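Reading through the structure tokens given below for one structure.
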Amino acid sequence: MCRPSCLEPTETGNEAAHRYVASLLGWFAEVLADWPRQDRDDLLGLLARFADDVAGRLALPEQEEGAPA
């Protein structure tokens, strides 16, 4: 059984997380810079669909071990 816990990042941790996200977004922007607009739009739509499907799957009750999915 899991116990819920609350964690809060320190100011330093928050700043590090923001720098990481900014760096990652910059990297993706560079990678996609030469892609045609339609390709980027298609990728965005597929990633959004994927994220929705994953979130929906995670929201389902856990299957009993050995039970078919």
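The values are calculated or read from the model by the stated rules, or taken from the named source; none is laboratory data. Keep in mind that this is a model prediction, so the values were computed, not measured. With ideal geometry, Cβ positions are generated from the backbone for all residues, glycine too; neighbour counts draw on all protein chains shown.
Which residue is modelled with the lowest pLDDT, if the candidates are limited to region 1-50 and must be under 30 Å from Glu62 (Cβ atoms) and surrounded by 10 or more Cβ atoms within 10 Å (Cβ to Cβ)?
Pro9
Please determine, by comparing only the residues of region 51-65 that are among the acidic types (Asp, Glu) and either surrounded by 10 or more Cβ atoms within 10 Å (Cβ to Cβ) or modelled with pLDDT of 95 or more (or both), which one is farthest from the chain's Cα centre (by Cα).
Per the criteria, the residue is Asp53.
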